[in-house]
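Structure record follows, encoded as structure tokens.
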Amino acid sequence: MRLSFNEIRARASRFAADYADATYEKGETQTFYNDFFQIFGVQRRSVARYEEHVKKLNNKTGFIDLFWPRVLLVEQKSAGRDLAKAEVQAGEYFDAIKEADRPRFQLLCDFQTFQLLDRDTRETSSFALADLPKHVERFGFIMGMEKRSFKDQDPVNIKAAELVGRLHDSLEASGYKGHQLEVFLTRIVFCLFADDTGIFEPRDIFLDFLETRTKEDGSDIGPLLAQLFDVLDTPEDQRQTTLDEDLARFPYVNGGLFSATIRTPAFNADMRQRLLEAGQFNWSGISPAIFGSLFQSVMDKQERREAGAHYTTEKNILKVIGPLFLDDLRAEFEGLKARKTNRIKLLQAFHDRLAKLTFLDPACGCGNFLIITYRELRLLEIEVLREIHRADLARMKGGATELPLQSLLKIDVDQFHGIEFSEFPARIAETAMWMMDHIMNTQASLEFGAAFLRIPLRKSPAITHGDALELDWQALLPAAKCGYIIGNPPFVGAKYQSEFQRAQVRRIAGLGKSGGTLDYVAAWFLKAARYGQGHDVPFAFVSTNSITQGEQVAQLWPTLLDRNGMEIAFAHQTFAWGSEARGKAAVHVIVTGMEPSANARPVKRLFSYPDIKGEPVETQPKAISPYLTDASALTNPHVVVGEESRPINGLPRLVIGSKPIDGGHFIFSPEERDTFLATEPQAAPYLRPYIGAREF
């Protein structure tokens, strides 16, 4: 059972007193660190080794005082020794370690002083042994609790997806494929993540189980994993008393992730090695939002070559959720912080409102919009709780009772709803939401010094597998209960739509048999607007810019704005859609935020891009036109230019253009021209170069 931070601080106080006079590196280091790990309830020998032999880059041999692969390197000195020299020595050791085992954290210590370095963030902290109880949260990584920095384009996500991809390829080549493989890999990914983030305790017990309990030829891995999955789906009080002790250490996970019965895969030595390589990777640093899309891509070799080309970057997701609701929530929070009266009461009411917000992504894919939105709300919740409990936190530093995070943290995954056409991405989205929930629980635990874990899983995101254009959204989430709609629906031009897709667009847009030229994404705009009729349900989508250009404007926007009573609340004009991919998708997109006219904000937000790959310039017009331009000066901001089949200036109709309809008889190849002129030289003035788009 995970220790509370109050218990950890008490243990740290006793440890500091016990080693107050420790000074000698050779004689006391091992006892010192055995007891140090016990502060956090971890057996040192189960995770870390002493005197790890390394060959440095200068070919000299060195010995790392304590080494925990991928996690921690310790360089210990006797009391009073120069830690600057220890830092140089630790750096030499770090460079000598093979890349896969290089640790994130580095600790320099002379018994009385600690210097901890996070190599990912470059954050350094230095403190005395006597102050260790005040700094125990910094060592949360020992229990799998690491503070996170959220970055776009972190190569750790691509590396993780590649490792899973190799295992996928081996299993698929053996004939284990389809739904069975998808469910199996989703479970494996959760276990790998749980092993490095404190869901499984102690850290790396899943890896240890694979390394020590399975045969090198891999023949018994499938049955052992099937047994483990069954254990993870069984409450502790319902397990047999004769259950293997190594399996009994794993927690009850719940959530339905391990409940379905699937065929047991047959492993060989190569498959076992690929699973071990994935287990030896440090999964604590992956982003569930980014990894989910990359994980989906490993299932398709073409998509994998593009390495996530269809993933919307975190930066672009924030372009949707920021102006739609997040910027307003943060501005409201800043205003409440500055209040002189009723501040705490108003902050508590604000917190309660955050916990009641609901979100729908009707084209959620692997859930990246939902996951980033959830993360941002949880980060805001942490800030709100910090303000509300500022006095309590000050008392905690003096050893007072921990904050009851179980009851204080109110935002949960069941506030989030999604619809996804394909089953596998829908299940990834669900799992990735749980992963992000755990990451944010860890953030809160480290922020407030109180351990909090939502295992077993009690609540689930509502991710529905189905066609969003055919499903009744009201049946999934009544509009009266929906706060916001967000997402990145599919772009499919009219010429590239299937017959079924064209029929869907015609039906939803009310275009009759003509079908129009609407992009497939337009159907999501229209369905979202109708879904929210009579309710205040703002929405914002990333889409192709074609819906704000040419003949599509007159087909879509009068229906959207006038018949459905909507206004454009904010918009990002055309910009280059970035991707987390190595080979990035060459797509130009827009973001359009819509709100009911009855509750429209008086000032809009319009973001333009002087450089479509650069940063936007924001203006605040009174109205935005369907062409995403400033419409403040227009009497009717909704005006559009309709398609005309006759000249509007009174000139004769253009019956036909310079269309090559002669069957090719007036077009000469160079050889034909030379032959013709040899017999008819007088025709030379009438032969002209034939210039098409390629020559031009």
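Below, the figures for the structure above:
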{"quantity": "Filtered residue count, segment 70-117, keeping only those that are in contact (Cβ under 8 Å) with a residue 12 or more places away in the chain, under 22 Å from Asn58 (Cα atoms) and out of contact with any Phe, Trp or Tyr (no Cβ under 9 Å at 6 or more places or on another chain)", "calculated": "9"}
{"quantity": "Lone qualifier among Phe333, Phe267 - being closer than 20 Å to Asp169 by Cβ and modelled with pLDDT of 95 or more", "calculated": "Phe267"}
{"quantity": "In segment 542-574, the residues that are in a strand (DSSP E or B) and of a type in the set (Ser, Thr, Tyr)", "calculated": "Ser543, Thr544, Thr574"}
{"quantity": "Total residues in segment 582-635, condition without any contact (Cβ under 8 Å) to a residue 40 or more places away in the chain and among the charged types (D, E, K, R)", "calculated": "8"}
{"quantity": "Any hit, segment 102-111, residues being crowded, with 21+ Cβ neighbours inside 10 Å, assigned to a strand (DSSP E or B) and of a type in the set (A, V, I, L, M)", "calculated": "yes"}
{"quantity": "Residues satisfying the stated conditions in segment 605-623, i.e. touching a Gly at 6+ places or on another chain (Cβ under 9 Å) and modelled with pLDDT of 95 or more", "calculated": "Arg605"}
{"quantity": "Cβ-Cβ under 9 Å pairs, at least 6 apart or on other chains, segment 184-198 side part of a loop (DSSP other than H, G, I, E, B), far side of a type in the set (D, E, K, R)", "calculated": "Gly198/Arg2; Gly198/Glu146"}
{"quantity": "Residue count for segment 347-366, restricted to those that are of a type in the set (A, V, I, L, M, F, W, C), assigned to a helix (DSSP H, G or I) and surrounded by fewer than 16 Cβ atoms within 10 Å (Cβ to Cβ)", "calculated": "1"}
{"quantity": "Test: residue in segment 367-388 that is at pLDDT 80 or above, in the same structural domain as Leu446 (by TED's automatic domain parsing), at negative phi and in a loop (DSSP other than H, G, I, E, B)", "calculated": "no"}
{"quantity": "Count of residues meeting criterion [over 28 Å from the mean Cα position of the chain (by Cα), closer than 23 Å to Arg458 by Cα and touching a residue at least 12 places away in the same chain (Cβ under 8 Å)] in segment 231-243", "calculated": "4"}
{"quantity": "Flag for Ala529 being touching a strand residue (DSSP E or B) at 6+ places or on another chain (Cβ under 7 Å) and either at pLDDT 90 or above or outside any strand (DSSP E or B) (or both)", "calculated": "yes"}
{"quantity": "Top-ranked residue of segment 197-215 - restricted to ones that are buried (at least 20 other Cβ atoms within 10 Å of the Cβ) and of a type in the set (S, T, N, Q), ranked as farthest from Tyr252 (Cα to Cα)", "calculated": "Thr214"}
{"quantity": "Filter result for the condition that a residue is in contact (Cβ under 8 Å) with a residue 40 or more places away in the chain and assigned to a helix (DSSP H, G or I), over Glu216, Glu201, Glu211", "calculated": "Glu211"}
{"quantity": "Search result, residues across segment 216-245 that are surrounded by fewer than 18 Cβ atoms within 10 Å (Cβ to Cβ), within 19 Å of Phe190 (Cβ to Cβ) and of a type in the set (Gly, Ala, Ser)", "calculated": "Ala226"}
{"quantity": "Qualifying residue in segment 254-261 (condition: farther than 22 Å from Ala173 by Cβ, in contact with a Lys or Arg (Cβ under 7 Å, 6 or more places away or on another chain), modelled with pLDDT of 90 or more and outside any loop (DSSP other than H, G, I, E, B))", "calculated": "no"}
{"quantity": "From the options Arg70, Arg45, residue that is out of contact with any strand residue (DSSP E or B) (no Cβ under 8 Å at 6 or more places or on another chain), within 26 Å of Glu277 (Cβ to Cβ) and part of a loop (DSSP other than H, G, I, E, B)", "calculated": "Arg70"}
{"quantity": "Filtered residues of segment 30-42 (kept if assigned to a helix (DSSP H, G or I) and in contact with a Lys or Arg (Cβ under 8 Å, 6 or more places away or on another chain))", "calculated": "Tyr33, Asn34, Phe36, Phe37, Gln38"}
{"quantity": "Among the residues listed as Ala194, Ala160, the single one being modelled with pLDDT under 90, crowded, with 18+ Cβ neighbours inside 10 Å, under 25 Å from Thr264 (Cβ atoms) and not assigned by TED's automatic domain parsing to the domain that holds Glu99", "calculated": "Ala160"}
{"quantity": "Residue that is nearest to Ile142 (Cα to Cα), among those in segment 171-191 that are of a type in the set (S, T, N, Q) and modelled with pLDDT under 95", "calculated": "Thr186"}
{"quantity": "Test: residue in segment 470-477 that is within 30 Å of Gln533 (Cα to Cα), of a type in the set (A, V, I, L, M, F, W, C) and in a loop (DSSP other than H, G, I, E, B)", "calculated": "yes"}
{"quantity": "Conditions (1) on the phi > 0 side of the Ramachandran plot; (2) assigned by TED's automatic domain parsing to the domain that holds Asp204; (3) of a type in the set (Phe, Trp, Tyr); number of the one not met by Phe111", "calculated": "(2)"}
{"quantity": "Any chance Ala444 is in contact (Cβ under 8 Å) with a residue 60 or more places away in the chain and out of contact with any strand residue (DSSP E or B) (no Cβ under 8 Å at 6 or more places or on another chain)", "calculated": "yes"}
{"quantity": "Matching entry among Ala248, Ala266 (being over 28 Å from the mean Cα position of the chain (by Cα), surrounded by fewer than 17 Cβ atoms within 10 Å (Cβ to Cβ) and within 29 Å of Val71 (Cα to Cα))", "calculated": "Ala248"}
{"quantity": "Scope segment 312-355; condition touching a residue at least 60 places away in the same chain (Cβ under 8 Å) and closer than 18 Å to Lys481 by Cα; matching residues", "calculated": "Leu324, Phe325, Ala355"}
{"quantity": "All positions within segment 296-314 that are within 11 Å of the chain's Cα centre (by Cα) and either modelled with pLDDT of 75 or more or among the basic types (Lys, Arg) (or both)", "calculated": "Thr313, Glu314"}
{"quantity": "Criterion (over 30 Å from Ser422 (Cβ atoms) and under 25 Å from the mean Cα position of the chain (by Cα)) met by exactly one of Leu132, Leu116, Leu207", "calculated": "Leu207"}
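To keep it simple, each residue is scored yes or no on (1) assigned to a helix (DSSP H, G or I); (2) surrounded by 12 or more Cβ atoms within 10 Å (Cβ to Cβ); (3) modelled with pLDDT of 75 or more.
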{"position": "Ser632", "(1), (2), (3)": "no, yes, yes"}
{"position": "Asn636", "(1), (2), (3)": "no, no, yes"}
{"position": "Gly642", "(1), (2), (3)": "no, no, yes"}
{"position": "Val655", "(1), (2), (3)": "no, no, no"}
{"position": "Ser658", "(1), (2), (3)": "no, no, no"}
{"position": "Ile661", "(1), (2), (3)": "no, no, no"}
{"position": "Leu677", "(1), (2), (3)": "yes, yes, yes"}
{"position": "Ala683", "(1), (2), (3)": "yes, no, yes"}
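Conditions tested, residue by residue: (1) crowded, with 17+ Cβ neighbours inside 10 Å; (2) out of contact with any Gly (no Cβ under 7 Å at 6 or more places or on another chain); (3) assigned by TED's automatic domain parsing to the domain that holds Ala86.
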site	(1), (2), (3)
Ala16	yes, yes, yes
Tyr33	yes, yes, yes
Val42	yes, yes, yes
Val54	yes, no, yes
Leu57	no, yes, yes
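The values are calculated or read from the model by the stated rules, or taken from the named source; none is laboratory data. Predicted, not measured: the structure shown is a model, and the values here were computed from it. Positions of Cβ are generated from backbone atoms using ideal geometry, with glycine treated the same way; all protein chains shown enter the neighbour counts.
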